[in-house]
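Colleague: For reference, the structure I am asking about is given below.
The values are calculated or read from the model by the stated rules, or taken from the named source; none is laboratory data. None of the values given here were measured: they were computed from a predicted structure. Here the Cβ is made from the backbone with ideal geometry for all residues, glycine too, and neighbour counts use every protein chain on show. These accessible areas exclude ligands, DNA and RNA; they are computed on the full protein's heavy atoms, side chains included. Shrake-Rupley method; radii C 1.70, N 1.55, O 1.52, S 1.80 Å.
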Amino acid sequence: MTQRVDVGPAAAGPRLESTGPVEPAVERATAIDFRTQKQRSLWGNAWRQFRRHKLAMAGLVVFTFMVLATFIGSAIYPQAIDDIDFSASSGSLSREHPMGTDSLGQDILARILWGGRISLAVGIVSAVVALVVGTSVGAVAGFFGGVADSALMRFTDLFISLPQIPLLLVVSFLYRQAFYNYFDKRFGSGVLGVFVLIVFVIGILNWMPTARLVRASFLSTREKEFIEAARSIGASQPSLMFRHILPNVLSPIIVAATLGVGAAIITESALSFLGLGFPSDIPTWGSMLYAAKDRFEIAPQEAIFPGTMIFLTVLSINYIGDGLRDALDPRKTL
Amino acid sequence: MGRYLIRRVLISIVSLIAISMVVFGILAIAPGDPLSGFAQNPNVPPELRAQIRHKMGLDDPIPVQYAKWATSYMRGDWMVSYTSRMPVRDYIMQRLPVTIRISGSAFILGILIAIPIGAISAIKQYSLFDQVATTFAFLGFSIPTFFSGILLIIIFSVKLGWLPFVYDSEVTGFWPNVKQSIMPVFVLGLASAAQLTRFMRASMLEVISQDFVRTARSKGLRERAVVVFHAMRNAMIPVVTIIALQIPELFGGAVITEQIFRIPGIGRALIDGIGSKDVPVVMAITFGIAVLVVVFNVVADLAYALLDPRIRYA
């Protein structure tokens, strides 16, 4: 995608300025007057609405905490993630190890903080992959219609009927080692290769709902009068697509993308839990569950803590998505 | 309707062919060459090796290999599993009953929970019942089955010692079988109940505010008759199609629960097959699930048209 995707407040707010490169002085003056009147933007309204949704706010707080804890916490927290100490194997909660230790005596809290980065990053990046692919396919199909539309929609239908879970398992198992080796040689980090593979597979199997959503919104929006107006003053096709139509269909895309992050975190954890995602020496929340699954009698904390982290993160993301859905619904504002 | 059906079936066949090509391609171009991986596999006896090599023509170019696989698949010859050395068809038939029993009961449990709760939730919108139900649906929707399963095992098997946590297919007798099925059925059942409750509630909310429901009330019908025969009957239409679409997903979900509780079903066979690069097994299960997805897509559309006279496909 080479076009500039303008998702800033100005693009989505009430459109006062002309779209041409030269802005007449008169118009600029009125725009300033508007600002002194403390204009309420669409995003301001959405935020006001969002704050009223208590559980969504709670979700936002929890999610922010998770992100901060995993990205900053593991730098502050003193324990190493791979400090093997058999004398402290499967220890329960203590002052030294607040969440206990696993079978190799490694500190569980440190591994949760460190691994959380991977789990969160996989969730966010694969949701972005699905978002970009889905939006591009949907936008082109909905904007141009005709042959492009039917070809792209057939393609989307094919992806929808792919057997998702088996394919996910097969691809990540068969290609994991190759990606690991290639990235290890090329960039000196094999884990990055596994990350890229997993993000790519999850993203590529989840863009279809977004594509359908975007296509439907584009189809209905491109017939509106303001698009006709923009066309009549000579707006180019990319400008029509990305400046005029896209900001108006953004709300459902944002909600879908938010919920997609939670779904992707679950998928990655499931993959690693089955032993087909990240290798077990790389702690992610899912691979910690994989390591814990035969040891429930000895060390239940090994499973309970990472599992709770997955649950809390996904729950908070789902509540944020719920709040966004309400906040971005124009029928509910004011 | 007839023409619509024929067109749908034709499209389905074309997309199944495309899917089988995608899946076969992924296996064929995978590094480490899983298609010929059995050549190094000491479990494979030489005569079987020769047979497969001949049948699949492993030295042929990939499209030729695909054509050979496709023709033998169509003939009902699904080849022999590399590891269990059984014909894949028999192997799958042996694994299938457990999966259907567990996943099927879970699905029925989910439907039985979701439909009344979703309906009551919608009728008494914003009541305490509704709030509790929607909160639980939200929690159930956000908890991954592999974590809820682990929690149940820790509570009921490890701490309380009430239920066994390894599924034993040799167990006989009704009660021991029920006992070892309770946890997997609940984990899967509650997960699908959480999803269905949300659909049922939304669908019921839409119907209940419509004019014909008010008409039914103003005719003086009893509330129960209005709810059950007028509102719920119509609210069920989209829910039925969603139920049809979820059936193939059951087999995907079974992969995880069968791994947690070590149930020797289809999902377990898939994981084992992937782990040992047992291509015929992986291919058969993956493609089997693809067939289910495509078939139930058509079924859902047809069900929609049959149940709702307002829908007419041209």
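Colleague: Of all residues in region A:137-165, which are more than 14 Å from chain B (Cβ to nearest Cβ) and free of Cβ contacts under 8 Å to residues at least 12 places away in the same chain? Break it down stepwise before answering.
Modeller: Here is the first cut: in region A:137-165, the residues more than 14 Å from chain B (Cβ to nearest Cβ) are A:137-149, A:152.
A:144, A:146, A:147, A:148, listed by residue number.
Colleague: Looking at (1) more than 13 Å from chain B (Cβ to nearest Cβ); (2) over 19 Å from the mean Cα position of the chain (by Cα), which one does residue A:292 not meet, given that it meets all the others?
Modeller: Residue A:292 satisfies all of (1) more than 13 Å from chain B (Cβ to nearest Cβ); (2) over 19 Å from the mean Cα position of the chain (by Cα) except (1).
Colleague: Look through B:264, B:280 and report the one residue that is more than 8 Å from chain A (Cβ to nearest Cβ) and at pLDDT 85 or above.
Modeller: B:264
Colleague: Given the conditions (1) within 10 Å of another protein chain (Cβ to nearest Cβ); (2) touching a residue at least 12 places away in the same chain (Cβ under 8 Å); (3) open to solvent by 10 Å² or more (accessible area, probe 1.4 Å), and given that residue A:279 satisfies all but one, which numbered condition is not satisfied?
Modeller: The failed condition is (1).
Colleague: Whether any residue in region A:179-198 is open to solvent by 40 Å² or more (accessible area, probe 1.4 Å), on the phi > 0 side of the Ramachandran plot and modelled with pLDDT under 85 is what I want to check.
Modeller: yes
Colleague: Return yes when residue B:25 is within 14 Å of another protein chain (Cβ to nearest Cβ), modelled with pLDDT under 70 and either surrounded by fewer than 17 Cβ atoms within 10 Å (Cβ to Cβ) or touching a helix residue (DSSP H, G or I) at 6+ places or on another chain (Cβ under 8 Å) (or both) and no when it is not.
Modeller: Against the criterion (within 14 Å of another protein chain (Cβ to nearest Cβ), modelled with pLDDT under 70 and either surrounded by fewer than 17 Cβ atoms within 10 Å (Cβ to Cβ) or touching a helix residue (DSSP H, G or I) at 6+ places or on another chain (Cβ under 8 Å) (or both)), residue B:25 does not qualify.
Colleague: Consider residue A:304 carefully, then state whether it is without any contact (Cβ under 8 Å) to a residue 12 or more places away in the chain and within 27 Å of residue A:65 (Cα to Cα). Write out each step before concluding.
Modeller: Values: without any contact (Cβ under 8 Å) to a residue 12 or more places away in the chain: yes; within 27 Å of residue A:65 (Cα to Cα): yes.
In short, yes.
Colleague: Now for a separate question. Tally the residues that are within 17 Å of residue A:70 (Cβ to Cβ) and of a type in the set (Gly, Ala, Ser), restricting the search to region A:275-294.
Modeller: Matching residues across region A:275-294 total 2.
Colleague: Being polar (S, T, N, Q) and either in contact with a His (Cβ under 6 Å, 6 or more places away or on another chain) or under 22 Å from residue A:202 (Cβ atoms) (or both) is the filter here, so list the residues in region A:106-161 that pass it. So that I can check it myself, show each step before the final result.
Modeller: Taking region A:106-161 first, the residues polar (S, T, N, Q) are A:106, A:119, A:126, A:135-136, A:150, A:156, A:161.
Of everything in region A:106-161, those that are polar (S, T, N, Q) and either in contact with a His (Cβ under 6 Å, 6 or more places away or on another chain) or under 22 Å from residue A:202 (Cβ atoms) (or both) turn out to be A:119, A:126, A:135, A:136, A:156, A:161.
Colleague: Right, here's the next one. Looking only at region B:138-155, which residues are closer than 12 Å to residue A:315 by Cβ and open to solvent by 10 Å² or more (accessible area, probe 1.4 Å)?
Modeller: B:138, B:139, B:140, B:141, B:143
Colleague: Also: In region A:199-235, what residues are open to solvent by 40 Å² or more (accessible area, probe 1.4 Å) and touching a Leu at 6+ places or on another chain (Cβ under 7 Å)?
Modeller: Correct list: A:231 only.
Colleague: In the set B:311, B:285, B:263, which member is surrounded by 21 or more Cβ atoms within 10 Å (Cβ to Cβ), assigned to a loop (DSSP other than H, G, I, E, B) and among the hydrophobic types (A, V, I, L, M, F, W, C)? It would help to see each step written out before you state the result.
Modeller: Working: B:311 fails: surrounded by 21 or more Cβ atoms within 10 Å (Cβ to Cβ); B:285 fails: assigned to a loop (DSSP other than H, G, I, E, B).
Exactly one residue qualifies, and that residue is B:263.
Colleague: Just to be sure I understand the filter: pairs with C-beta atoms under 7 Å, separated by 6 or more residues or on different chains, first member in region B:150-175 and more than 9 Å from chain A (Cβ to nearest Cβ) and modelled with pLDDT of 70 or more, second member assigned to a loop (DSSP other than H, G, I, E, B) and open to solvent by 70 Å² or more (accessible area, probe 1.4 Å). Which pairs pass?
Modeller: Listed pairs, sorted by first residue: B:156/B:162; B:166/B:262; B:167/B:262.
Colleague: Of B:302, B:292, B:270, B:306, which residue is out of contact with any helix residue (DSSP H, G or I) (no Cβ under 9 Å at 6 or more places or on another chain) and part of a helix (DSSP H, G or I)?
Modeller: B:306
Colleague: Additional query: Select from region B:108-136 the residues that are within 22 Å of residue B:254 (Cα to Cα), surrounded by fewer than 23 Cβ atoms within 10 Å (Cβ to Cβ) and not β-branched (Val, Ile, Thr) and list them in ascending order. Break it down stepwise before answering.
Modeller: Narrowing region B:108-136 to residues within 22 Å of residue B:254 (Cα to Cα): B:108-114.
Restricting the remaining residues to those that are surrounded by fewer than 23 Cβ atoms within 10 Å (Cβ to Cβ) gives B:108-109, B:111-113.
Answer for region B:108-136, where residues must be within 22 Å of residue B:254 (Cα to Cα), surrounded by fewer than 23 Cβ atoms within 10 Å (Cβ to Cβ) and not β-branched (Val, Ile, Thr): B:109, B:112.
Colleague: What is the number of the single condition among (1) modelled with pLDDT under 90; (2) within 14 Å of another protein chain (Cβ to nearest Cβ) that residue B:136 does not meet?
Modeller: Failing condition for residue B:136: (1).
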